[in-house]
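J.: Dropping the structure in here first, questions after.
The values are calculated or read from the model by the stated rules, or taken from the named source; none is laboratory data. For clarity, every value in this text was computed on a predicted model and none was experimentally measured. In this analysis, Cβ positions are derived from the backbone assuming ideal geometry, glycine residues included, and neighbour counts consider all displayed protein chains.
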Amino acid sequence: MFDQKNVISKYVGYFLIGFFLLIIILSFGMPDLGLNCGIDRSTVAVVNREKIHAYDFFRYRDTRFSQLRNKKMDSMILDNMILETLLHQKALKTGLDVTEDRLSNYITGSHEFKNPSTGLYDPEYFKAILRNNRLSFAEFEKLMRRDFTTGDFRYMLRMGSAVTKDEINTKHIIEKSEIQILYSFLDTEHMKKKYNSQLIVSDAEIESEIKSDNVKIADPTTDRERIRKQIFDRKLEKIKNDIAEKINAISTSGGTFLSANSILQGKILKSAKFKIGEPVKSDEKEPKPVPDLNTSPVFTEKCLQLDKGKSSPAIMTAKGIYIFTPILKVIPTDTPDEETSKKLSDSAVNASASMLTRNLLQIMEEKSKIIKNLKTD
């Protein structure tokens, strides 16, 4: 007769997606504070002295997470319920409340409580739905007050996350940007092979090092080998610096990527296309990040400044030396239309509100006393 599960799920579940994402981020580190002392078996958690009863937890689990109903997920679902409890407690502290008129208008105006045969609100139809969902009116009212109050608080957070026109324009530029680069890389191992003749360390150099530094040789085999490696590393570092200096001179004078690579003689690769702020990945069937470029201040500073075909300065890493040049650089100069501006604004506000909520929950969690008593065995 009724779609019972959908009715209650609609009322108590409209924050599911947002909070489920929060639990993925927060729940795995959520501590059990306390030793469960003095908690009866009907209580699955206590949040700042507010008890969460097993009956309420099971109803919460079965209405919002019915598709995840298994014992392995119960702990995560409880953590999610605790987060919602923390947010509700914060909402109450701000003075938010729900009037009787608002609850009454909600019930009488809700489509789900209208009798299909008349299209009008029917008190008996409403009571039947509550009975079929094993809810008393007091329990239903508690759920509604909780969700309305928490929803109002989240709305307040969202309203405090307004974005400026400049931020919208910036987001538009980022969303519409398209960049692709060529990059060349000479790894240290190839460098050692390439410059092998210049990296040879003679016995005379080792003897000179021993004399100049007044080194005492305790073990002729290991100590001399250690000194040999020190001299080798210095020679390798000098070769790297010499290559970098030549490349930087080309870059400073506006020279080409190909000219710089004639010095580097690295392997030329092409990146996948990316937007401003996105990580650089290789142009392969299964793209892989290029971490040394993504973490390089040189790349961050020069990527948008360089003209196509011009060489960047050398990027020195422990693995080797990189250079790069843009081969595609689309940076929009137009301003977004009204519809696009609204979408970008909503997206930015939602992201900002989610971050604000997440940070608030983390702070509240750290300052709260939380005891969990859920048995999943």
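J.: If LEU157 satisfies every condition in (1) closer than 28 Å to LEU83 by Cβ; (2) not in a helix (DSSP H, G or I) but one, which is the exception?
T.: Condition (2) is where LEU157 drops out.
Table: residues versus (1) among the acidic types (Asp, Glu); (2) touching an Asp or Glu at 6+ places or on another chain (Cβ under 7 Å); (3) at pLDDT 95 or above; (4) not assigned by TED's automatic domain parsing to the domain that holds GLU100.
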position	(1), (2), (3), (4)
PHE140	no, no, no, no
TYR155	no, no, no, no
THR170	no, no, no, yes
THR188	no, no, no, yes
ASP203	yes, no, no, yes
LYS216	no, no, no, yes
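J.: Could you grab the pairs with beta carbons closer than 7 Å, sequence gap of 6+ or different chains, first residue in the stretch 91-116 and loosely packed, with under 14 Cβ neighbours inside 10 Å, second one of a type in the set (A, V, I, L, M)?
T.: As it stands, the answer is none, since no pair meets every condition given.
J.: Still on this structure: Determine if the stretch 317-324 includes at least one residue that is more than 20 Å from THR188 (Cα to Cα) and either surrounded by fewer than 17 Cβ atoms within 10 Å (Cβ to Cβ) or free of Cβ contacts under 8 Å to residues at least 24 places away in the same chain (or both).
T.: Keep residues of the stretch 317-324 that are more than 20 Å from THR188 (Cα to Cα), which gives none.
No, the stretch 317-324 contains no residue that is more than 20 Å from THR188 (Cα to Cα) and either surrounded by fewer than 17 Cβ atoms within 10 Å (Cβ to Cβ) or free of Cβ contacts under 8 Å to residues at least 24 places away in the same chain (or both).
J.: Taking helices (runs of 4 or more DSSP H) that fall entirely within the stretch 186-265, which contain at least 2 residues that are under 43 Å from the mean Cα position of the chain (by Cα) and not acidic (Asp, Glu)?
T.: 188-194, 220-252, 257-264
J.: Further question on the same structure: Picking from SER259, SER341, which residue would you name as being under 22 Å from HIS190 (Cα atoms), surrounded by fewer than 18 Cβ atoms within 10 Å (Cβ to Cβ) and among the small types (Gly, Ala, Ser)?
T.: Going through SER259, SER341 in turn, the sole match is SER259.
J.: Being among the hydroxyl-bearing types (Ser, Thr, Tyr) and under 16 Å from TYR55 (Cα atoms) is the filter here, so list the residues in the stretch 108-149 that pass it.
T.: Passing the criteria: only SER136.
J.: If you check GLU278 against the conditions, is it without any contact (Cβ under 8 Å) to a residue 60 or more places away in the chain, more than 24 Å from ILE173 (Cα to Cα) and either in the same structural domain as THR317 (by TED's automatic domain parsing) or surrounded by 12 or more Cβ atoms within 10 Å (Cβ to Cβ) (or both)?
T.: Taking the combined requirement at face value, the residue does not satisfy it.
J.: Among the listed residues THR85, THR43, THR108, which satisfies the condition of being modelled with pLDDT of 90 or more, within 26 Å of the chain's Cα centre (by Cα) and not aliphatic (A, V, I, L, M)?
T.: The match here is THR85.
J.: If PHE140 meets every condition in (1) under 40 Å from the mean Cα position of the chain (by Cα); (2) of a type outside the set (D, E, K, R); (3) in a loop (DSSP other than H, G, I, E, B) apart from one, which number is that one?
T.: (3)
J.: With respect to SER296, is the statement that it is assigned by TED's automatic domain parsing to the domain that holds SER197 and loosely packed, with under 15 Cβ neighbours inside 10 Å true?
T.: no
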